[in-house]
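Data first, discussion second: the structure below is written as structure tokens.
The values are calculated or read from the model by the stated rules, or taken from the named source; none is laboratory data. In this text the structure is predicted, and so the values were computed from the model without any measurement. We place every Cβ from the backbone using ideal geometry, glycine too, and count neighbours over all the protein chains shown.
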Amino acid sequence: MKFRDRAALFSYRLQSRHAVSAWLILVFIFLSVPLAARELPVLCEKDVPVPMRDGTILRANICRPAEGGPYPVLVHRTPYGKMQGGKLERYARAGYIVVTQDARGRHASDGQFESFVRFETRDAVDGYDTVEWAAKLPGSTGKVGTFGASYDSFLQWRLASLRPPSLVAMSASSVPARYTDLEGPWKLRPGRRLAWWYYTISPNLHRKAGTDAPHLSGDPKTSWKNGEGERLLNLFPRMDLPDWLFGSEADAVKFWMKNAQLDPWQLDKGCRDIAVPNLDIIGWYDHCNGSIDMHQATRKHGFTKVARENQRLIIGPWSHSGRGARKVGKFDFGPDAALDTAQEEIRWFDYWLKGEDNGVADESPVRIFIMGANRWRNEPEWPPRRAESQTLYLSSGGHANTPSGDGALGNTRPKRAGLDRFVYDPRDPVPTLWTEAMFTVPADQRPHAKRQDILVYQTEPLAEVVEVTGYPEVVLHAASSAPDTDFFARLIDVAPDGSSRDVASGMVRARYRKGLDKSRLLEPGTAAKFVIRMGPTANEFQPGHRIRLDITSSDFPNYDVNHNTAADQNVDATRVTALQTIHHGGWLSSRLILPVIGK
């Protein structure tokens, strides 16, 4: 029986002549319930100074239980403004001293902000110093965990690679292993990134520096929505983006744009230095689900046995901004998709920092949500080794443009060679279907049904379930009239009612088809082989549904447009139209390779 239920049982006695006795019973019950079973009252301090080794003062909010102790400490570092109330107090009520800190140069913290486009920052040592400072707080057990997603996760991986002695566990979620995976050879994925600089990062930089910028006259997010976003997204060349957009980081951003084949992160390499367990909670539609690579790298190469054997991965049907929701975009994945991610983190830390026997030790390393079936499943590893490759070959009568065309996917390689063509105009790219917040979400592709610059290949309605779990791949034999261009592949689940939910996607920039370090232009008109590895997914295509593959050359503003000129489009605004040819059948059999889980 919970404490509240026991209290209710005796509360009526307070109205009787036995009130004193009832109070004594209540006190006895209260004292007999372990602290961990109660919601503890909390005390919070704001802007507590945290000294760094170079003398810079960073500032943190601290919440702690108002009674009992000692308690472990949870550290959260962020450039977005430290937490207040809500999740902060919830973790404190669960029996933790919680430290949430503004990163260097952000909000209340002193120093110069060094963004993640820089090849060298003080993020790692600042994190190390913060963890060791937190371990010595009054009432601390000396054990520290870290938590946070996205940029906050990036900061965790940085500090964890230095192995601070007091760090015991972390929950770092949703950040790719490499910055080149996030932005890629496109130099800048403008949709999310420009909005991020415009109304999330640069306003605070300008205000702290006392400088002015056009977007500070009102609410930056409102001005972005009211036309400034559209103007900046369509400003070419990209090096003409105004310096005020990036604040004090303008030089660093533009240096990276000139050297985008280099990776300033290399978090996967740092996994060899990770000594602690990590819980990663991400989504199939999260543009940062490349954090799976760190899960795999640490399991294989982690610095300690405890790190190698205790990496935990939970993947739901979520986007970057909606972890734990059952409805993502316009799609409802059912009640089982809903997950209390904060409670998952609390359970994780209760085991590692408090030693509670709560079942965490017995759980599978990987837990995935199977879309379509809308259920969870445990796996011993990612991707599942038992998945078998199933190949579907592209074919058509030469008219695969649009879903009403004759493009098909079949199990048999067509003996007869064929081809499909479309015109890619970078001045009229295929628009990204996502939310106003510029985050990738599952989208119904029907708004694109009439576009002639999308080739569509699909199966007949399925007679039985087909589960695709892993990394779908497309082997594309294609030619272009341009010396450089892009090709996109999108796997889609088409329901009997016509709704067309994208399942996974991937792209390749032609000049980097053999790797970012092996730039090689196309010979216009000559077919080349492109291997497009799509993002991770787990989707059960139901009977009556179709498996569909779309091929096109743009997805703007999620990805920047290729100008089709081979010039450096950061400094050259010229854009030209390209004629794209997709070959199938015969010796040039383009195909879709699916990782299929058998019954």
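Here A566 meets the list (1) assigned to a strand (DSSP E or B); (2) surrounded by fewer than 19 Cβ atoms within 10 Å (Cβ to Cβ); (3) hydrophobic (A, V, I, L, M, F, W, C); (4) in contact with an Asp or Glu (Cβ under 8 Å, 6 or more places away or on another chain) almost entirely, failing just condition (1). Residues considered: A478, A417. Of these, the only one that is touching a strand residue (DSSP E or B) at 6+ places or on another chain (Cβ under 9 Å) and either within 18 Å of P543 (Cα to Cα) or surrounded by 15 or more Cβ atoms within 10 Å (Cβ to Cβ) (or both) is A478.
Exactly one residue out of L40, L74 is in contact with a Pro (Cβ under 8 Å, 6 or more places away or on another chain) and within 17 Å of A342 (Cβ to Cβ), and it is L40.
Is it the case that some residue within the stretch 99-113 is touching a Pro at 6+ places or on another chain (Cβ under 6 Å), closer than 30 Å to K254 by Cβ and buried (at least 21 other Cβ atoms within 10 Å of the Cβ)? Scanning the stretch 99-113, I find at least one residue that is touching a Pro at 6+ places or on another chain (Cβ under 6 Å), closer than 30 Å to K254 by Cβ and buried (at least 21 other Cβ atoms within 10 Å of the Cβ), so the answer is yes.
Could you check the stretch 480-516 and list, in sequence order, the residues that are assigned to a loop (DSSP other than H, G, I, E, B) and of a type in the set (S, T, Y)? Residues satisfying the conditions are S481, T485, S499.
Within the stretch 194-236, the residues that satisfy the criterion of being within 26 Å of Y559 (Cβ to Cβ) and of a type in the set (D, E) are E228, E230. Take the conditions in contact with a Cys (Cβ under 9 Å, 6 or more places away or on another chain) and surrounded by 14 or more Cβ atoms within 10 Å (Cβ to Cβ) and apply them to L182. Does it pass? So L182 passes the test. Of the residues screened, S291 is one that is touching a strand residue (DSSP E or B) at 6+ places or on another chain (Cβ under 6 Å) and part of a helix (DSSP H, G or I).
For the stretch 223-243, the set of residues classified as over 27 Å from the mean Cα position of the chain (by Cα) and either surrounded by 15 or more Cβ atoms within 10 Å (Cβ to Cβ) or aliphatic (A, V, I, L, M) (or both) consists of F236, P237, listed by residue number.
Quick grid of which residues meet (1) modelled with pLDDT of 95 or more; (2) surrounded by fewer than 19 Cβ atoms within 10 Å (Cβ to Cβ):
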{"position": "S519", "(1), (2)": "no, yes"}
{"position": "G525", "(1), (2)": "yes, yes"}
{"position": "D560", "(1), (2)": "no, no"}
{"position": "V576", "(1), (2)": "yes, yes"}
{"position": "P595", "(1), (2)": "yes, no"}
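Looking only at residues that are part of a loop (DSSP other than H, G, I, E, B) and within 18 Å of G398 (Cα to Cα) in the stretch 569-599, which one is nearest to the chain's Cα centre (by Cα)? In this case the residue turns out to be S590. Can you work out which of the residues in the stretch 262-288 that are among the β-branched types (V, I, T) and part of a loop (DSSP other than H, G, I, E, B) is farthest from A252 (Cα to Cα)? Filtering first and then ranking leaves V276. Being more than 24 Å from D251 (Cα to Cα), aliphatic (A, V, I, L, M), assigned to a strand (DSSP E or B) and out of contact with any Lys or Arg (no Cβ under 9 Å at 6 or more places or on another chain): is that true of V144 here? For V144, the condition - more than 24 Å from D251 (Cα to Cα), aliphatic (A, V, I, L, M), assigned to a strand (DSSP E or B) and out of contact with any Lys or Arg (no Cβ under 9 Å at 6 or more places or on another chain) - is met. The number of residues in the stretch 339-389 that are part of a strand (DSSP E or B), out of contact with any Phe, Trp or Tyr (no Cβ under 9 Å at 6 or more places or on another chain) and without any contact (Cβ under 8 Å) to a residue 40 or more places away in the chain comes to 2. Screening the stretch 200-222 for residues that are under 27 Å from the mean Cα position of the chain (by Cα) and hydrophobic (A, V, I, L, M, F, W, C) and picking the one that is surrounded by the most Cβ atoms within 10 Å (Cβ to Cβ) gives L205. Enumerate the pairs (first residue in the stretch 295-306 and buried (at least 17 other Cβ atoms within 10 Å of the Cβ); second residue anywhere and acidic (D, E)) with beta-carbon separation below 6 Å, excluding pairs fewer than 6 apart on the same chain, so at least 6 apart or on different chains. If the second residue must be acidic (D, E), the pairs left are H295/D280; A297/D268; F303/D273. Restricting attention to the stretch 122-140, which residues are surrounded by 22 or more Cβ atoms within 10 Å (Cβ to Cβ) and either touching a helix residue (DSSP H, G or I) at 6+ places or on another chain (Cβ under 9 Å) or not in a helix (DSSP H, G or I) (or both)? Across the stretch 122-140, the qualifying residues are D123, D126, G127, Y128, T130, V131.
Counting only residues that are touching a strand residue (DSSP E or B) at 6+ places or on another chain (Cβ under 6 Å) and at pLDDT below 90, the stretch 421-440 holds 2 of them. Assess whether V423 counts as being within 21 Å of F556 (Cα to Cα) and either among the small types (G, A, S) or surrounded by fewer than 19 Cβ atoms within 10 Å (Cβ to Cβ) (or both). Judged against the criteria, V423 is a match.
Out of everything in the stretch 527-548 that is farther than 17 Å from S505 by Cβ and small (G, A, S), what residue ends up being surrounded by the fewest Cβ atoms within 10 Å (Cβ to Cβ)? Residue satisfying both the conditions and the ranking: G544. Taking (1) among the β-branched types (V, I, T); (2) under 19 Å from G145 (Cα atoms); (3) touching a residue at least 40 places away in the same chain (Cβ under 8 Å) in turn, I315 satisfies each apart from (2).
Considering the stretch 141-163, and only residues there that are over 11 Å from R77 (Cα atoms) and surrounded by 24 or more Cβ atoms within 10 Å (Cβ to Cβ), the residue that is nearest to the chain's Cα centre (by Cα) turns out to be W157. Restricting the stretch 437-463 to residues that are surrounded by 13 or more Cβ atoms within 10 Å (Cβ to Cβ) and of a type in the set (S, T, N, Q) leaves a set whose member that is farthest from R546 (Cα to Cα) is T440.
Tell me, please, whether a residue that is within 24 Å of F439 (Cβ to Cβ) and in a helix (DSSP H, G or I) can be found in the stretch 295-316. Within the stretch 295-316, one or more residues are within 24 Å of F439 (Cβ to Cβ) and in a helix (DSSP H, G or I).
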